[in-house]
Amino acid sequence: MIDAVQTRPVTEVKTNSKPGEWLSWNQEEFEHCFSKRPFLISHDLCNHPFFDVERLLELAQKLPADQIEYNAGQLPVSISHAETPMNGLSADETIRRIAECKSWMVMKYIEQDPEYRQLLEECLAQVAPLTEKIAPGMMKPHAFVFMTSPGSVTPYHIDPEHNFLLQIRGEKIVRLYDGNDPTLLSPRELEDFYCDRGRNLVISEENKERCWTYRLKPGQALHFPVTFPHWVENADDVSISFSITFRTPDLDRRRALYRMNSGFRKLGCNPAAPGTNRLCDNACYQAFRVWRKASSFLGR
């Protein structure tokens, strides 16, 4: 096990002394850990009206259907998205009955609602002065709301963005794994992910305890480095979480390199993982850009 269950308070630098400032953190820890390993920060959104169930129901009714994903919540840690059972309810019913319907739900890209967009922008404006020093070029900001029934499980998977998960209501146990360790996350798994072959993964029994474990409480937020595998277990109450995410230009480059490697592998090659050889990475990325421009010019 990398760390025991962490529920400690955050030794924080208060930054929410002005209206519209919601987050606080330990600056030294933030600068040392961002994009490298998980760490906790604090937030002041637990009593915000945007996360009342009735307001979330109103939000769900405004969002396009393809931006609301929900399914049964009583799941194994490792299961493919295709095998994940539905809960037999509508989105409205799932929200209204979330305390009892044993389900998991995410409302995606909620920044399309102007009020939630402003909240996302306020949160990211606070962290940007620090993140820009480490991973410059903040772009593609998105926000998500997760609603989960007691005891539900979010299966083992990876995500492509810089992410802070803000716990609003209830508690959840998050188990995060080192995405830089190829014995935990292989180059081929990353190739499959970046080629859109699915984000859910299979975790082996011998690796299951090789994780950081956090019991997230309301008022706490957890940083998820890009493509660090994780799975989540809800506690004995309804959980509501707010996820603020963004991307940076280096992530587009990373995606391109893994997609290129997948293509090389289909040709019978055994390419080195991105990051192994900078010159090779640069050559591959330039080739990708030329191919993309040519494809665009030819209308393919």
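Read-outs: derived from the displayed coordinates by stated rules, not from any lab. Note that this is a predicted model, so its numbers are computed, not measured. Quick reminder, even Gly has a Cβ in these numbers, built from the backbone with ideal geometry, and neighbours come from all protein chains shown.
Would you mind getting the Kirkwood hydrodynamic radius of the chain from its Cα pairs, rounded to one decimal in Å?
Values: mean 1/r = 0.0491 Å⁻¹.
That comes to 20.4 Å for the chain.
May I ask for the equivalent-ellipsoid semi-axes of the stretch 141-300, computed as the square root of five times each C-alpha gyration tensor eigenvalue and listed largest first in whole Å? The partial results should precede the final answer.
Values: eigenvalues 227, 66, 33 Å².
Semi-axes from the Cα gyration tensor: 34, 18, 13 Å.
What span do the alpha-carbon atoms of the stretch 251-298 cover on each of the three principal axes, reported in whole Å from largest to smallest?
31, 22, 17
Over 19 Å apart: what share of the alpha carbon pairs of the stretch 78-139 falls there, rounded to a whole percent?
Percent of Cα pairs beyond 19 Å in the stretch 78-139: 58.
So how far apart, in nm, are the two label points at Glu31 and Asp44 if each is 7 Å from Cα heading toward Cβ?
2.4 nm
Using the alpha-carbon atoms, what tilt in degrees (0 to 90, nearest 10) does helix 114-134 show relative to the longest principal axis of the chain?
Long axis of 114-134 versus the principal axis of the chain: about 50 degrees.
Looking only at Ser186, Ser103, Ser149, which one moves most when the chain is put into a Gaussian network model with springs between Cα atoms under 10 Å?
Ser186
Restricting things to alpha carbons, find the Rg to Rh ratio for the stretch 128-211 using the Kirkwood radius for Rh.
Values: Rg = 15.2 Å, Rh = 15.5 Å.
Expressed as Rg/Rh, it is 0.98.
Determine the relative contact order of the chain: mean sequence separation of Cα pairs under 8 Å and six or more apart, normalised by residue count, in whole percent.
Reported relative contact order: 24 percent.
Report the far tail of the P(r) of the stretch 103-162, meaning the percent of Cα-Cα pairs longer than 15 Å.
Here the long-distance tail beyond 15 Å is 61 percent of all Cα pairs in the stretch 103-162.
With the contact rule set at Cα under 8 Å and sequence spacing of 6 or more, what percent relative contact order holds for the stretch 46-104?
Normalised by residue count, the contact order of the stretch 46-104 is 39 percent.
Placing unit charges on C-beta atoms (Lys and Arg positive, Asp and Glu negative, everything else neutral), compute the dipole magnitude of the stretch 251-298 about its Cα centre in debye, rounded to 20.
120 debye
To two decimal places, what compactness ratio does the stretch 209-300 give when its Cα radius of gyration is scaled by 2.2 N^0.38 Å?
Taking N as the residue count of the stretch 209-300, the ratio is 1.57.
Give me the distance between the Cα centres of the stretch 70-123 and the stretch 169-188, rounded to whole Å.
21 Å
If I model a spin label as a point 7 Å beyond the Cα along the Cα-Cβ vector, how far apart are those points for Ala125 and Ala82 in nm?
Calculated label separation equals 4.6 nm.
Please list, or write none, the aspartates and glutamates whose alpha carbon is within less than 14 Å of the alpha carbon of Lys102, excluding same-chain residues fewer than 8 places away.
Within the straight-line cut-off, Lys102 pairs with Glu93, Glu233, Asp236, Asp237.
Rank Val77, Ala143, Ala125 by how far each Cα sits towards the positive end of the charge dipole of the stretch 71-182 (+1 on Lys, Arg Cβ; -1 on Asp, Glu Cβ) and give me just the farthest.
Val77
Percent relative contact order of the stretch 82-215, based on C-alpha pairs within less than 8 angstrom and at least six residues apart?
Averaging sequence separation for qualifying contacts and normalising by length gives 26 percent for the stretch 82-215.
Ranked highest first by the average count of other Cβ atoms within 10 Å around their residues, in what order do 228-238, 119-129 fall?
Top of the packing list down: 228-238, 119-129.
Taking Cα atoms, how many degrees apart are the long axis of helix 53-62 and the longest axis of the chain, rounded to 10 and kept between 0 and 90?
The angle comes out at about 50 degrees.
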